[in-house]
1. What's log10 of I(q)/I(0) for region 6-143 at q = 0.10, 0.11, 0.12, 0.13 Å⁻¹, Debye sum over Cα points only, no solvent?
2. Apply 1/(1 + (r/R0)^6) to the Cβ-Cβ distance of residue 125 and residue 38, taking R0 = 30 Å, and write down the FRET efficiency to the nearest 0.05.
3. Roughly how many nanometres apart are two label points built 7 Å out from the Cα toward the Cβ at residue 75 and residue 136?
4. Can you compute the modelled spin-label distance between residue 58 and residue 117, with each label point 7 Å from Cα toward Cβ, in nm?
5. For region 17-37 and region 89-127, compute the distance between their C-alpha centroids and round to whole Å.
């Protein structure tokens, strides 16, 4: 998968989000620091929600509902390095009344880098206690992404590099 379009895998809707590995993502050994896969997975889930028409800030402000990570379990298979283009493939395993179980995988050129199972809970903004996922959100998640979304890692035009004045004579 090379776009952020939803795909079918074993009859389940999946979402592919490309991203680039930056220097800040790596450790002293030059590979992606293990905890950063959680950040990558978070970005992919957030972009999936956005593509489903679900804005988390609006959800918090209008419905008083937040999504929080309740549980994670990750397995690491191969390293990613600086400038690698990786794809995070996300799939909903279970959609409950107040939680969503995701399975997510990070891939680079057909090589599985990391995989994880993440449970996200719906909680009240005021009490941080579990609440039902709003009906509009459930509908959006069941429907899946409705339009193509873009990511600066794969489709956004890159800015023209600025010209350094270090070699020019001072005025």
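1. -0.35, -0.42, -0.50, -0.58
2. 0.85
3. 3.9 nm
4. 3.3 nm
5. Here the two parts' Cα centres lie 19 Å apart.
None of the figures in this text is laboratory data; all of them are computed from the coordinates on show. Owing to the predicted nature of the structure, the values given are computational and were not obtained by experimental measurement. Here the Cβ is made from the backbone with ideal geometry for all residues, glycine too, and neighbour counts use every protein chain on show.
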